[in-house]
Amino acid sequence: LRVVKFRRTGESSRSDEDVISGEHEIQIEGVRTELEPIELEDGAAVPKEFANPTDDTFMVEDAVEAIGFGKFQWKLSVITGLAWANAMEMMILSILAPQLHCEWRLPSWQVALLTSVVFVGMMSSSTLWGNISDQYGRKTGLKISVLWTLYYGILSGFAPVYSWILVLRGLVGFGIGGVPQSVTLYAEFLPMKARAKCILLIEVFWAIGTVFEVLLAVLVMPTLGWRWLLILSALPLLLFAALCFWLPESARYDVLSGNQEKAMATLKRIATDNGAPMPLGKLIISRQEDRGKMRDLFTPHFRWTTLLLWFIWFSNAFSYYGLVLLTTEFFQAGDVCSISSRRKEVKAKCSLTCEYLTEEDYTDLLWTTLSEFPGVLVTLWIIDRIGRKKTMALSFFVFSLCSLLLFLCVGRNVLTVLLFIARAFISGGFQAAYVYTPEVYPTATRALGLGTCSGMARVGALITPFIAQVMLESSVYLTLVVYSGCCLLAAVASCFLPIETKGRGLQESSHREWGQEMVGRGSHSPGVTRSNSGSQE
């Protein structure tokens, strides 16, 4: 009989002697060998052929770590990425607004309202979609929100008058509020080592969506017009709707809702796709009926985390969308110093004066949009090295610095470079927040936590037009100070987050404290404290 010795890293029933020694022996029946006992070093992963050998029970976290990353996760990445490409529906705002301003002779306040109503829809629905995903499943919430966005996105292209498109774009925003739940579903199928990198790479679909939207606008707007642009922008969501039948429900959600058989079937499906063995023993069910409750976000363990994350997400969206709006304003003015005088001249001519986006504007818009790709790469390189909190803090700090450098009367080329760097880092900070938030909350409130954070982000996006467009008319420097100061505060807030999730597994139940189940089953990063208490580090 083969005897395997290793140091335990997870929870299971064991004797006091086992706890003291930190070791356990088990005999694997049916295997004949004369090999000596094997002892794995502290922190080393258990070989797949002996996945979780000392326990007669295992958790979903054990199964996900044992099965690892493979073919299943690759397919899931592409499908959820198509939902995440809804960035096209957001990027279209900066292209559609000036077009309708000219074509329908809309006053400035109606143009601004067309942008704001989308964010109002997102803000009002984000928490609702999170609650639906926690109560009825991640797959259910994601499918409904995507189909909703697809339906009203296509209908927007047939809007006969301003009031119709205003209502329809608001309904599109309501649907987009649920699309971030794709990150919740995706994160719950990823092993710890791959989680940060994969969530960041799935964000590439957002960048691809924004770039594709600009290219699509260059081709479609001069010939077919804005109606066809709205219809064609829904193509990624249409493709997702066709493929969503393949999406499985999260095994973590099934376990928490008491559906053990369905969870086991999903895990076996993943193991088969990846060609990896299932853990030995029986899957642990930790049923929790009161899922998706707001009060769980404000328990002593998560109160400060929730409040700080709300401000961080607010600052991310406030700065990101503010920069998108400022980019168009700066490019049309030529440089920062002449923007105030230019806007006063335009205002003196006529309140209905409009300017179509030129080919040069589209080109510069494309270059600043491409900055999101190096933003992903930089975040990808540092997030597992310095941790989630420091990554967000660094991103906010660099954005704040670039905003202050815009005080200088720089030419168009230097202006483009500064906007490129600023957008790269603020998008990187947004991506780091999308990694951190699903990791810090337990399965019972993960979707709700992400939903409420997304809702706070939409508050920031809703307010930012009044700074980037209205305040800009009074003082460009005051506008830049507001954005710079907000991001400096967000950098400080990132440093004060109580929990660093680097090197930790996903917590299952909100009734459990931060303990051993939160420590990764694989290799551990230096400096990661294994806490058996409920305190936040």
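Please treat every number below as a calculation from the coordinates, not as lab data. Everything quoted here is computed from the prediction, not taken from an experiment. Cβ placement follows ideal geometry from the backbone for every residue including glycine, while neighbour counts extend to all protein chains displayed.
Here are the numbers:
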| quantity | calculated |
| --- | --- |
| Relative contact order %, the range 54-288, counting alpha carbon pairs below 8 Å whose residues are six or more apart | 37 percent |
| Sequence ranges 108-120, 158-170, 128-140, ranked by mean other-Cβ count within 10 angstrom, highest first | 128-140, 108-120, 158-170 |
| Distribution of pairwise C-alpha distances over the range 54-288, 5 Å bins, in % | 1, 7, 13, 17, 17, 13, 10, 8, 6, 4, 3, 1, 1, 0, 0 |
| Extended-chain gain in nm, criterion 0.36 nm per residue less alpha-carbon gap, ARG412 and TRP304 | 34.6 nm |
| Spin-label model distance (nm) - LYS282 vs TRP381, 7 Å beyond Cα toward Cβ | 5.1 nm |
| Among 374-384, 145-155, the order from most to least packed when residues are scored by Cβ within 10 Å on average | 145-155, 374-384 |
| Calculated from backbone phi, Karplus (6.51, -1.76, 1.60) coupling profile of the range 309-320 in Hz, x at Gly/Pro | 5, 4, 5, 5, 5, 4, 5, 4, 5, 4, 7, 5 |
| Summed side-chain charge close to VAL146 - residues other than VAL146 whose Cβ falls under 14 Å, Lys, Arg +1, Asp, Glu -1 | +2 |
